[in-house]
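> The following block contains the structure, expressed as structure tokens.
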Amino acid sequence: MSTTRKHTALPKAEILIEALPWLTRHNGKIVVIKFGGNAMIDEELKAAFAQDVVFLRQAGLKPVVVHGGGPQINAQLDRHGLVSEFKAGLRVTTPEAMDVVRMVLAGQVQRELVGLLNQHGPLAVGMTGEDAHTITATQHFPQIDGESVDIGRVGEITAIDTGAIEALLENGRIPVVSSIARSAEDNHVYNVNADTAAAALAAALGAETLMVLTDVEGLYEDWPNSDEVISRLTAAELEKLLPELSSGMVPKMEGCLHAVRNGVNTARVIDGRVAHSILLEIFTNDGIGTMVVPDEPSDQPNGTEGGRS
């Protein structure tokens, strides 16, 4: 072998070897990934995301993808002449707006993602929380200034049935779940926050890891005074920080907290603007986002996880 070839081949081999302990540890484990932010809009990032998810599947993990679709919903509501209004950080969702939300999530965003994944084989199957009662919801009434406010068809999860997802995973498929749910009380369909849905599914599935893609590098130590990212924190440490977080980060970090308090080993917020961020997070020693772990060290298999002690 020529010297040039040795120089180019060796770093590749080293990267593969670095991944080995993580491949071994995660083999056969469920990973729930919340797909969102810029990675949903940028074509190259979308393609890289699909490659990452298929890589996880081929490497012996069991990925489950949960998605929302804020930007796509806004665009479609505009086309229909429906105003996007937000209260307490949540979209006010009229029955007319809910029809658009459902159409965009299940008929556009999900279909596109399933198509990207299935370029690599007969892998992805799209579904919504309505299918097989996967997610059941009730109407959510947020508190604003101490008052309960009606914001329409926005749902709060009341039950999760993982049967359909587990059957797909058993069959070697990649479930792609749109975050909408039906209510057992009034039979209406509700829009559910995708971060919350991903966390609830991760807990119900007994996932090894919840990964939430965002448009930031992770949770910042002292934003906006510093752009230093907290690389690892416990559930108790996160709980203390929650009141100080920006409204966009709250459902993500609340989801991470819910996951690790309900049996998920690690929850990570990672930068979806970085191509292949999922692979960097799961299979390298450094990790690139913020990782939340349960409070008790005894909950951690082998004491460390995801490359960070």
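The values are calculated or read from the model by the stated rules, or taken from the named source; none is laboratory data. Since the model is a prediction, treat every value here as computed from it, not as a measurement. Cβ sites come from the backbone with ideal geometry, for glycine too, and all protein chains shown count toward neighbours. Ligands, DNA and RNA are stripped out before the accessible areas are found, and what is left, the full protein with its side chains, is counted by its heavy atoms. Shrake-Rupley method; radii C 1.70, N 1.55, O 1.52, S 1.80 Å.
> Could you grab me the full set of residues in region 92-108 that are open to solvent by 10 Å² or more (accessible area, probe 1.4 Å) and either among the hydrophobic types (A, V, I, L, M, F, W, C) or farther than 15 Å from Ala194 by Cα (or both)?
Here is the first cut: in region 92-108, the ones open to solvent by 10 Å² or more (accessible area, probe 1.4 Å) are 92, 94-96, 99, 102-103, 106-108.
If the condition is that a residue be open to solvent by 10 Å² or more (accessible area, probe 1.4 Å) and either among the hydrophobic types (A, V, I, L, M, F, W, C) or farther than 15 Å from Ala194 by Cα (or both), then Val92, Thr94, Pro95, Glu96, Asp99, Met103, Ala106, Gly107, Gln108 are the ones that fit.
> Moving on to the next point. Please name all residue pairs, on different chains or six or more residues apart, with Cβ atoms under 7 Å, provided the first residue is in region 197-215 and is among the hydrophobic types (A, V, I, L, M, F, W, C) and the second residue is open to solvent by less than 10 Å² (accessible area, probe 1.4 Å) and assigned to a loop (DSSP other than H, G, I, E, B).
Ala197/Gly129; Ala197/Ser179; Ala202/Val264; Ala203/Val264; Ala207/Val264; Leu210/Val264; Leu213/Gly36; Leu213/Gly272
> Run Arg268 past the list (1) over 15 Å from Glu239 (Cβ atoms); (2) buried (at least 24 other Cβ atoms within 10 Å of the Cβ); (3) in contact (Cβ under 8 Å) with a residue 60 or more places away in the chain and report the number of the one that doesn't hold.
Answer for Arg268: the failing condition is (3).
> Return yes when Glu44 is open to solvent by 70 Å² or more (accessible area, probe 1.4 Å) and of a type outside the set (Phe, Trp, Tyr) and no when it is not.
yes
> Out of the residues in region 12-37 that are basic (Lys, Arg) and surrounded by 14 or more Cβ atoms within 10 Å (Cβ to Cβ), state the one that is nearest to Val177 (Cα to Cα).
Lys34
> While we're looking at this one, here's another question. Just a yes or no: is a residue in region 28-40 at positive phi and over 17 Å from the mean Cα position of the chain (by Cα)?
Within region 28-40 (the criterion being at positive phi and over 17 Å from the mean Cα position of the chain (by Cα)), the answer is yes, since at least one residue qualifies.
> Specify which of the listed residues (Asp52, Asp99, Asp42, Asp78) is within 25 Å of Ile270 (Cα to Cα) and out of contact with any helix residue (DSSP H, G or I) (no Cβ under 7 Å at 6 or more places or on another chain).
Exactly one of Asp52, Asp99, Asp42, Asp78 is within 25 Å of Ile270 (Cα to Cα) and out of contact with any helix residue (DSSP H, G or I) (no Cβ under 7 Å at 6 or more places or on another chain), namely Asp42.
> Give the residues of region 130-181 that are open to solvent by 20 Å² or more (accessible area, probe 1.4 Å), aliphatic (A, V, I, L, M) and either touching a helix residue (DSSP H, G or I) at 6+ places or on another chain (Cβ under 8 Å) or under 17 Å from Val192 (Cα atoms) (or both), sorted by residue number.
Across region 130-181, the qualifying residues are Ala132, Val149, Ile157, Ala159, Ile160, Ala164.
> Still on this structure, please answer the following. Determine which member of the set Gln76, Gln72, Gln58 is open to solvent by 40 Å² or more (accessible area, probe 1.4 Å) and either out of contact with any Leu (no Cβ under 8 Å at 6 or more places or on another chain) or in contact (Cβ under 8 Å) with a residue 12 or more places away in the chain (or both).
Gln58
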